[in-house]
Amino acid sequence: MTEQSGSTGRIRATGKRRRKPSRRRRATVIAAWSLAGLVVVGGGGLGYAYFQLDGNLKAVDINNALGKNRPQNVDNGSEDILVLGSDSRSGANKQYGADQGGARSDTAMVVHVNKGHKSASVVSIPRDTLVTRPGCKSDESGADVAGEQRAMFNTAYEVGGPACAVKTVESMSGIRMDHYLEVDFTGFKKLIDKLGGVEITTKKAINDPKSHLDLEPGTHTLDGEESLGLVRTRHSVGDGSDLGRIQLQQAFIKALMAQAKSVGVLNGTKMYGLADTATKAITTDSDLGSVKKLAGFANGLKGLGAQNVHMVTLPVEYDPADPNRVIPQEKAGKQVWTALRHDLPIPASATAKSAGDKGDAGDIVG
């Protein structure tokens, strides 16, 4: 989602964007890992449709692209998933703004599902975080792309696609990503509509012409278009920054998870419609690149409730050299990644002094 320039202190994206083939044009994945769970909630009732639904899925071979130079794959029953989206305005997404010739990761979340799959931690990475981006292979030409100091996090996807985004996250965290998930604007909207909407409660009015959202305080059942507006809005909430928008996205995920629990009581036709929409919307890593594999993954998340998901933003502070960018808080960030590596809860002290907890939008949606 392309940012509009804002006042000093607000995060915005700038820079040249590369052209990418349409198969990579995705966006806003704030709920992709939850959407995967919708595919087969209710057990094996969709087994007959595996073959038909397999044709919907798109997959990327992350393991082959990155080779063996990766963090150790710790097999302790936990799972780490990179949930990623891009800000392309191509194709059906052009109504959300002008296509500036390419795509960069617009939303990024590391989802750590704990051993036993009864709880999870989610770490949102602000897209304008300045990081050390490792060397990657171009997703377009296959040529080597040199690493870069103080590169915006979202440029990893721009120069090297999903594999470079995964490599960058693994370099930052020291954690091997088990899976990758991505979904587009149109698929997101369609799935919310097929689900019957998502109920949220706003404690304050939200009126953002840029995201076409106008909500009074109170309880609302948002359709697909309104849901997309909510997770894109930032100009009329909190401090107007991308950090505040992340807080709205996290609140929406929990509401979506709660709503998704109702899928288990739907009839077979309705379930197939949801599964068909979900599998068309998402791109996965090759290890989840079939409905059977995705079914096993989703069934493993069935015991995970929204109340057992702890969501934080990577501890960051505004860059002294550029207030429109943020930089990781090294010590606090290490606490976050260490907790995930050891399958432990993220300590509250890790985010206590982060600018990410000061977006002032967290109390708008309840």
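The values are calculated or read from the model by the stated rules, or taken from the named source; none is laboratory data. Predicted, not measured: the structure shown is a model, and the values here were computed from it. With ideal geometry, Cβ positions are generated from the backbone for all residues, glycine too; neighbour counts draw on all protein chains shown. Ligands, DNA and RNA are excluded from the accessible area calculation, which covers all protein heavy atoms including side chains. Shrake-Rupley method; radii C 1.70, N 1.55, O 1.52, S 1.80 Å.
Structure above, values below:
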item: Of residues in region 154-193 being farther than 23 Å from Glu79 by Cβ and touching a Leu at 6+ places or on another chain (Cβ under 8 Å), the one modelled with the lowest pLDDT; result: Phe185
item: Condition broken by Ala332, with the remaining ones in (1) among the small types (Gly, Ala, Ser); (2) at pLDDT 80 or above; (3) more than 24 Å from Val166 (Cα to Cα) satisfied; result: (3)
item: Residue match in region 293-309 (condition: modelled with pLDDT of 80 or more, surrounded by fewer than 20 Cβ atoms within 10 Å (Cβ to Cβ) and under 15 Å from the mean Cα position of the chain (by Cα)); result: yes
item: Residue within region 66-88 that is modelled with pLDDT of 85 or more, charged (D, E, K, R), touching a helix residue (DSSP H, G or I) at 6+ places or on another chain (Cβ under 7 Å) and farther than 22 Å from Thr338 by Cα present; result: no
item: Single residue of Asp144, Asp184 found to be without any contact (Cβ under 8 Å) to a residue 24 or more places away in the chain and either over 25 Å from Tyr318 (Cβ atoms) or out of contact with any His (no Cβ under 9 Å at 6 or more places or on another chain) (or both); result: Asp144
item: Sole exception among (1) of a type outside the set (Phe, Trp, Tyr); (2) open to solvent by less than 10 Å² (accessible area, probe 1.4 Å); (3) at pLDDT 90 or above for Lys115, by number; result: (2)
item: Odd one out for Ala205, checked against (1) in contact with a helix residue (DSSP H, G or I) (Cβ under 8 Å, 6 or more places away or on another chain); (2) open to solvent by 10 Å² or more (accessible area, probe 1.4 Å); result: (1)
item: Residue in region 179-186 that is over 21 Å from Val110 (Cα atoms), assigned to a loop (DSSP other than H, G, I, E, B) and open to solvent by 20 Å² or more (accessible area, probe 1.4 Å) present; result: no
item: Hey, Gln100 open to solvent by 30 Å² or more (accessible area, probe 1.4 Å), touching a Ser or Thr at 6+ places or on another chain (Cβ under 9 Å) and modelled with pLDDT of 95 or more or not; result: no
item: Cβ-Cβ under 6 Å pairs, at least 6 apart or on other chains, region 43-61 side at pLDDT 65 or above and part of a loop (DSSP other than H, G, I, E, B), far side among the β-branched types (Val, Ile, Thr) and open to solvent by less than 60 Å² (accessible area, probe 1.4 Å); result: Asn56/Thr279; Leu57/Thr279
